[in-house]
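What follows draws every value from the coordinates through simple rules; no lab data is involved. Bear in mind that the values here come from a model prediction, so they are computed numbers and not experimental data. Cβ coordinates were reconstructed from backbone atoms using ideal geometry, including for glycine residues, and neighbour counts include every protein chain displayed.
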């Protein structure tokens with residue numbers, strides 16, 4: 001924070017606004033670096049599916065707070081583009097299990113590297129691990145709060 005205007009913003013902005021700012025700026029950075037992959041900020045869903053094999057569309061809706069319709073549209077595009085596949089859940093035939101395809105699995109390390117580069121550039125270090133854990137706890141508490 002260098003000048004009076006940014007100092008005023010820092011002193012008078014809610015904490016959640018800064019979290020939102022971090023998220024948006026990371027998405028902008030990622031989007032600028034992954035032009036070759038024809039993705040936008042929705043790449044986070046591919047990473048989630050990769051990290052959570054056999055997850056459901058509902059899991060993604062709950063994690064990211066997006067509408068079912070929006071998630072369905074994005075997943076359909078990823079499926080059409082060959083990044084993910086849907087299989088009927090044998091325990092609940094009305095639901096699908098989502099997994100990355102070979103193509104989707106190959107892109108995840110590239111996306112992760114771009115994300116790591118962003119973290120390095122903005123100064124996020126291993127020393128911030130406790131802060132990351134605390135923010136995740138707050139996020140989980142927030143999800144539980146709106147479920148009740």
> Angle between the Cα long axis of helix 102-122 and the longest principal axis of the chain, 0 to 90 degrees, nearest 10?
Replying inline: 0 degrees
> Okay, helix-only estimate at 222 nm for the chain: each DSSP H run of n ≥ 4 adds -39500 (n - 2.57), divide by all residues, round to 500 deg cm²/dmol; what do you get?
Replying inline: -21500 deg cm²/dmol
>> Give me P(r) over region 74-148, computed from all C-alpha to C-alpha distances, binned every 10 Å, as integer percentages.
In response: 16, 23, 34, 25, 2
> By how many degrees, between 0 and 90 and to the nearest 10, does the Cα long axis of helix 68-80 differ from the longest principal axis of the chain?
Replying inline: 70 degrees
> Plugging the Kirkwood radius over Cα pairs into Stokes-Einstein for region 4-147, at a temperature of 37 °C and a viscosity of 0.692 mPa s, what D comes out in µm²/s?
Replying inline: 192 µm²/s
> If we sort 44-52, 60-68, 86-94 on the protection proxy, mean other Cβ atoms within 10 Å, highest first, what's the order?
Replying inline: 44-52, 60-68, 86-94
>> Distance between the C-alpha centers of region 111-148 and region 51-90? Whole Å please.
In response: 22 Å
